[in-house]
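Undergrad: Take a look at this one; I'll ask things after.
The values are calculated or read from the model by the stated rules, or taken from the named source; none is laboratory data. All figures in this text were calculated on a predicted structure; none of them were measured in a lab. Here the Cβ positions follow ideal geometry from the backbone for every residue, glycine too, while neighbour counts run over all protein chains shown. With ligands, DNA and RNA removed, areas are computed over all heavy atoms of the protein, side chains included. Shrake-Rupley method; radii C 1.70, N 1.55, O 1.52, S 1.80 Å.
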Amino acid sequence: MRDKGSYRDLLGERIENAYREKGDISKPTEIQMAKWKQIAKMRRREKIRRRKIIASLASVFAMVFCVGMVSMFQIPDAEAGRDGIVDIIDSRDDDEVMAVDTYENQEDLPRDIREEFLMFEKLPSDCKMLKTKIITIGKTRRCESQFINKGKDSFLVRQENGAEDETFKIIVVNSDKVESLNGTDIYIKKYSENDAKITYKFIYDDVYVNIMCDNSILEEDMMNIIKEALI
């Protein structure tokens, strides 16, 4: 495990490299420093997440090995046991395998989904969820929830686990302003071309959250919805 000095050195190198790329040799502001510190924090969270995945895969392969041993001694047709093991491994290693589950009520979402992603359950009285899709592609899982109010104003919440620090850089660069809620920075961007939209993007733990809503939805109302989800 790295000590705090190692992370400070790493953070300093990243700041230096970032400003070299921009050709800017001026001293970074406190806000800019805070942004890059957040990136370093995300990197640590990502390493922890990867270690958990490796540990999980190790247990899976241990299980597969045990199944293989049992098959060798108890099943006359050894090929049948071997084929079953291949199916398990292939399904986990194939990044093109995609599964989509749709739910019409948040209460129906599985417990592991509710624990992994933010739940937007405390909504204004005139607002409701239309549906939530859980999209699984390989080791990546996404949660897409669509909401609408009586005035037909809508917003879409997209969440994806395993956020990378490159994603955070893009969020920072493409935002108009930043607001803080319960210690989480919310980056806001307004779009006026075509269908007017406002996006609210942030990273919570290792989950990247991207909220796209109609321009008619007040920023104050949207921030209250996000605040309730973060509690």
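Undergrad: Within the stretch 133-153, which residues have the backbone N less than 11 Å from the label spot 7 Å out from residue 126 along Cα→beta-carbon, could you tell me?
TA: 149-153
Undergrad: So how far apart, in nm, are the two label points at residue 192 and residue 220 if each is 7 Å from Cα heading toward Cβ?
TA: Distance between the two pseudo-spin positions: 2.3 nm.
Undergrad: Also: Mind grabbing the accessible area of residue 136 for me, 1.4 Å probe, Å², rounded to tens?
TA: Its heavy atoms expose roughly 40 Å² to the probe.
Undergrad: If ligands, DNA and RNA are left out, what is the accessible area of residue 131 with a 1.4 Å probe, given in Å² to the nearest 10?
TA: 80
Undergrad: Whole percent per 5 Å bin, from 0 to the bin with the longest distance: what is P(r) over all C-alpha pairs of the stretch 119-231?
TA: Final binned percentages: 2, 11, 22, 25, 21, 14, 4, 1.
Undergrad: Sorting 141, 158 by accessible area (1.4 Å probe), largest first, what list results?
TA: Working: 141 60, 158 105 Å².
The most accessible residue leads, giving 158, 141.
Undergrad: Turning to a different aspect of this structure: Whole-Hz Karplus ³J(HN,Hα) for the stretch 116-123, in order, using 6.51 cos²θ - 1.76 cosθ + 1.60 and θ = phi - 60°, x for Gly and Pro?
TA: Couplings: 7, 10, 6, 10, 9, 9, 8, 10 Hz.
Undergrad: What FRET efficiency would be calculated for the residue pair residue 133, residue 29, taking the C-beta separation as r and a Förster radius of 45 Å, to the nearest 0.05? Mind dumping the intermediate values first?
TA: Working: r = 40 Å, r/R0 = 0.89.
E(calc), rounded to 0.05, equals 0.65.
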